Amino acid sequence: MSCFTTHEAKETDEEDSKKVKRHKTTFSEPKDDKEWRERERKKEKERNRVNRDEVNELTEEGKHAIDDPSLSPDLAGTFILDEGEERSMIEPASRDDLKFKELQKVLIEWINDTLVENRIIVKDIEEDLFDGQILGKLIEKLADIKLEVAEVTQSEQGQKQKLKTVLDTTNRLLNLPRWNHQQKWSMEMGWRQDKWSADSIHSKNIVAIIHLLVALAQHFRAPIRFPEHVSVNVVVVQRRDGQLATRKVVEELTTTNDMMQGKFERDAFDTLFDHAPDKLNVVKRSLITFVNKHLNKINLEVTDLDTQFADGVYLVLLMGLLEGYFVPLYSFHLTPDSFDQKVHNVQFSLELMQDGGLPKPKARPEDIVNLDLKATLRVLYNLFTKYKHLN
């Protein structure tokens with residue numbers, strides 16, 4: 001047991017007190033450090049204020065987008081645009097429309113049927129077609145051509161360049177003029193070239209992709225029927241003066257099948273195909289007899305009316321025989337090996353017919369090249385009507 005005198009205890013207390021004072025003095029903060037910390041606190045406070053202002057600005061902008069009646073909450077916040085830049089997006093309600101879904105299904109089945117030999121299977125229009133790879137294969141198959149593009153492109157720039165090449169070829173096949181502000185519409189079918197572009201397709205704009213696919217299916221006479229009167233609501237967003245300006249556009253994707261297939265007033269051949277198919281062979285035999293009467297003069301003979309006029313060669317030669325002139329071989333392709341060359345031949349023969357006084361035919365060159373029997377019969381019947389008494 002330790003014992004301390006009163007004096008010793010007092011001395012001990014005084015020593016402990018001095019130690020505490022020394023300890024406090026040792027760890028007190030210098031004046032300069034306090035000023036530095038105060039400056040740092042003020043800077044941090046200012047940074048927080050600036051951040052809060054930016055957050056508030058973004059919040060207000062987002063709130064404006066959300067509250068805008070033409071935008072749904074699902075679309076808000078997806079538009080990160082530079083000044084003057086414009087972007088469009090289909091409304092969720094339109095995307096869920098049954099007719100719109102049916103149109104996608106029809107187009108996907110058509111693409112897969114067309115490219116079955118390439119072992120290509122499309123499941124999603126947006127995800128599978130945006131890079132130009134499958135679109136290029138589709139154009140090559142439909143038009144029977146070979147595109148001079150890289151087989152596989154990984155970079156965004158490479159994909160857009162490939163898309164541009166594919167679309168330039170497509171617009172030419174659709175007889176669309178190069179873009180200008182005075183002539184936006186194809187004179188033949190009313191397709192607008194500004195409905196699709198490399199940028200819109202690469203950005204997975206499903207409306208642009210469907211516009212393109214519908215135009216291709218119409219032009220190449222795809223054996224499909226579209227759901228009629230399909231339209232979707234599209235929200236177009238543009239940044240102007242730092243604000244998001246929106247407008248709503250109704251995009252018409254299909255009308256009626258009759259209008260889209262370019263049908264004219266019904267004629268005798270419509271009636272023949274619909275109500276008297278048993279008489280079709282009689283008509284075909286009569287026309288074969290007529291054309292062979294003249295083609296035999298140059299040792300040519302038609303045995304299959306369904307296919308032998310599809311490349312346009314016999315039509316060109318037949319017109320020369322009927323009108324009594326020699327058609328220069330440089331004017332057409334004697335042995336066409338592509339869709340374009342066949343279309344050129346048929347188009348040239350139709351021009352010769354009009355030069356000979358026949359009315360503009362109801363059929364399109366592409367119809368005949370695509371083995372549309374009704375179109376072929378119409379052209380041959382016009383010739384038969386005018387030249388049937390010619391020896």
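The values are calculated or read from the model by the stated rules, or taken from the named source; none is laboratory data. Quick caveat: nothing in here was measured; it's all calculated off a predicted structure. Neighbour counts run over all protein chains shown; Cβ positions are idealised from the backbone, glycine included. Just the protein is used for accessible areas: all its heavy atoms, side chains included, with ligands, DNA and RNA removed. Shrake-Rupley method; radii C 1.70, N 1.55, O 1.52, S 1.80 Å.
Could you pull out the pairs from Lys141/Lys195; Lys146/Lys293; Lys141/Lys388; Lys101/Lys160; Lys105/Lys162 whose alpha carbons sit more than 29 Å apart here? Don't jump to the answer; show the numbers that get you there.
Values: Lys141/Lys195 23 Å; Lys146/Lys293 38 Å; Lys141/Lys388 39 Å; Lys101/Lys160 27 Å; Lys105/Lys162 26 Å.
The answer is Lys146/Lys293; Lys141/Lys388.
When the chain is fully extended, how far beyond the present Cα-Cα distance does Asn299 get from Glu85, taking 0.36 nm per residue of separation?
Numbers: separation 214, 0.36 × 214 = 77.04 nm, distance 6.44 nm.
Difference between extended and current length: 70.6 nm.
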Legend entry - Accessible-area ranking of His389, His229, His211, largest first, probe 1.4 Å: His389, His229, His211
Inset, instruction - For the stretch 288-305, take each phi angle, set θ = phi - 60°, evaluate the Karplus expression 6.51 cos²θ - 1.76 cosθ + 1.60, and give the result in whole Hz per residue in order, putting x for glycine and proline. - result: 4, 4, 4, 5, 5, 4, 9, 5, 4, 5, 10, 6, 10, 8, 9, 10, 10, 5
Legend entry - Lys204 accessible area, 1.4 Å probe, all protein chains in place, Å² to nearest 10: 70
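Please give the contour-minus-distance gain from Arg172 to Leu371: 0.36 nm per residue of separation, less the Cα-Cα distance, rounded to one decimal in nm. Write out the running numbers ahead of the final one.
Values: separation 199, 0.36 × 199 = 71.64 nm, distance 2.13 nm.
Value of the extension gain: 69.5 nm.
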Legend entry - Residues whose placed amide H lies under 5 Å from that of Ser231, excluding near-sequence neighbours: Leu253
Inset, instruction - Rounded to whole Hz and in sequence order, give me ³J(HN,Hα) for the stretch 91-99 from the Karplus expression 6.51 cos²θ - 1.76 cosθ + 1.60, θ = phi - 60°, writing x for Gly and Pro. - result: 5, x, 5, 5, 4, 8, 4, 5, 5
Inset, instruction - Would you check the accessible area of Thr254, probe 1.4 Å, heavy atoms only, in square angstrom rounded to 10? - result: 0
Inset, instruction - Amide H neighbours of Arg239 under 5 Å, at least 5 residues apart or on other chains, H built in the peptide plane: list them. - result: Gly84, Glu85, Ala245
Inset, instruction - Return the distance in nm (one decimal) between the two label points of a simple spin-label model at Gln161 and Lys146, each offset 7 Å from Cα along Cα→Cβ. - result: 2.1
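Round to the nearest 0.05 the FRET efficiency obtained for Arg95 and Ser203 when R0 = 22 Å and r is the Cβ-Cβ distance. Please list the in-between numbers first.
Details: r = 16 Å, r/R0 = 0.72.
That gives a FRET efficiency of 0.90.
Work out the FRET efficiency for His229 and Thr335 from their Cβ-Cβ distance, taking R0 = 51 Å, and round it to the nearest 0.05. If you can, show how the numbers build up before the last one.
On the way: r = 44 Å, r/R0 = 0.87.
With a Förster radius of 51 Å, E is 0.70.
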Inset, instruction - Rounded to whole Hz and in sequence order, give me ³J(HN,Hα) for the stretch 199-213 from the Karplus expression 6.51 cos²θ - 1.76 cosθ + 1.60, θ = phi - 60°, writing x for Gly and Pro. - result: 5, 5, 6, 5, 7, 6, 6, 5, 5, 4, 5, 5, 3, 5, 5
Legend entry - Rounded FRET efficiency, nearest 0.05, which uses the C-beta distance separating Arg41 from Glu252 and R0 of 56 Å: 0.35
